[in-house]
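Only one structure is covered here, and it is reproduced in the block below.
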Amino acid sequence: MLYLCRFISKFHYFCSLENRMKHLRKIRDYIIMFLDWLYPPFKRLMPRQMFRYAATGGANTVLDIILYAIVYAFILNGRMLNLGFVTISDHIAAFFIVFPITFTVGFALAKWITFTGSDLRGRIQLIRYFTTVMGSILLNYALLKLFVDVLSINAIIANIMNKAIVIAYSYFAQTYFSFSTSKATAPSK
């Protein structure tokens, strides 16, 4: 009975919003310390904020690839997703299933790790982040159509070129729009 009381006490402690935020801040601080520890070799190549963006964006991209592979290969397993009013192909359904997860993780990483100096309210940041992500998706689609269908560039090469352009767009859109500061100047170092 004593163990149960201790467990309930610790569970209640962790469940309070203040304590959860304290633990999340500690995790955030560890991630920032780790990224700042990795930063020195890249100091001459890019500002600290751009390095954090590359690291967190890269981690989120890896998460996206892993989740997509799991959902596509093991959950959907080659089956189309029938929602009753529409049937979605497996590769598109996997994207729609994974997108909310990686969108949420990407926003959290951008807000709490990369663009910590933004003075916008969280709700505004979220709306702007969603807008830039939708812009990235549309730009991705348009560039692939242009490179592959119009310019007849190999799809793999086109995808690499496409990623470079979309990542640059995304970084600047998030820096100067989604997580902007009142001093709309260059990103902090």
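Scanning the stretch 74-81 finds one or more residues that are charged (D, E, K, R) and not assigned by TED's automatic domain parsing to the domain that holds GLN174.
Residues in the stretch 101-125 that are of a type outside the set (A, V, I, L, M, F, W, C), without any contact (Cβ under 8 Å) to a residue 24 or more places away in the chain and assigned to a helix (DSSP H, G or I): THR104, GLY122, ARG123. Applying the criterion of being outside any helix (DSSP H, G or I) and at pLDDT 65 or above to the residues of the stretch 1-41, the residue that is farthest from LYS111 (Cα to Cα) is SER16.
Of everything listed in (1) within 23 Å of ALA164 (Cα to Cα); (2) at pLDDT 90 or above; (3) charged (D, E, K, R), the single unmet condition for ASP64 is (2). Taken over the stretch 42-86, the criterion of being out of contact with any His (no Cβ under 7 Å at 6 or more places or on another chain), in a helix (DSSP H, G or I) and more than 25 Å from ALA173 (Cβ to Cβ) is satisfied by ILE66, ALA69, ILE70, VAL71, ALA73, PHE74, ILE75, LEU76. Examine the stretch 97-106 for a residue that is farther than 17 Å from TYR53 by Cα and touching a strand residue (DSSP E or B) at 6+ places or on another chain (Cβ under 9 Å), and state whether such a residue exists. Within the stretch 97-106 (the criterion being farther than 17 Å from TYR53 by Cα and touching a strand residue (DSSP E or B) at 6+ places or on another chain (Cβ under 9 Å)), the answer is yes, since at least one residue qualifies. Given the criteria crowded, with 17+ Cβ neighbours inside 10 Å, part of a helix (DSSP H, G or I) and in contact with a Phe, Trp or Tyr (Cβ under 6 Å, 6 or more places away or on another chain), does VAL98 qualify? Judged against the criteria, VAL98 is a match.
Quick check on SER89: is it polar (S, T, N, Q), over 12 Å from the mean Cα position of the chain (by Cα), modelled with pLDDT under 85 and over 24 Å from THR175 (Cα atoms)? Taking the combined requirement at face value, the residue satisfies it. Give the residue that is surrounded by the most Cβ atoms within 10 Å (Cβ to Cβ), with candidates limited to residues of the stretch 147-189 that are among the aliphatic types (A, V, I, L, M) and modelled with pLDDT under 75. It comes out as ALA158. Here is a list of conditions, (1) within 15 Å of PHE179 (Cα to Cα); (2) free of Cβ contacts under 8 Å to residues at least 40 places away in the same chain; (3) in the same structural domain as ILE165 (by TED's automatic domain parsing), and ARG128 meets all of them except one; can you say which number that is? If we test ARG128 against (1) within 15 Å of PHE179 (Cα to Cα); (2) free of Cβ contacts under 8 Å to residues at least 40 places away in the same chain; (3) in the same structural domain as ILE165 (by TED's automatic domain parsing), just (2) comes out false.
Please verify whether GLY78 is surrounded by fewer than 16 Cβ atoms within 10 Å (Cβ to Cβ), in contact (Cβ under 8 Å) with a residue 12 or more places away in the chain and not charged (D, E, K, R), treating the condition exactly as stated. Criteria met by GLY78. When LEU138, LEU144 are checked against the criterion of being touching a residue at least 12 places away in the same chain (Cβ under 8 Å), of a type outside the set (Val, Ile, Thr) and either buried (at least 18 other Cβ atoms within 10 Å of the Cβ) or not assigned by TED's automatic domain parsing to the domain that holds TYR30 (or both), LEU144 stands alone in meeting it. Please tell me if LEU109 is modelled with pLDDT of 90 or more and within 14 Å of the chain's Cα centre (by Cα). In short, yes. Residues that are hydroxyl-bearing (Ser, Thr, Tyr) and touching a helix residue (DSSP H, G or I) at 6+ places or on another chain (Cβ under 6 Å): does the stretch 24-31 have at least one? No - not one qualifying residue is present in the stretch 24-31.
The values are calculated or read from the model by the stated rules, or taken from the named source; none is laboratory data. For clarity, every value in this text was computed on a predicted model and none was experimentally measured. No Cβ is skipped: glycine too gets one built from the backbone with ideal geometry, and neighbour counts run over all protein chains shown.
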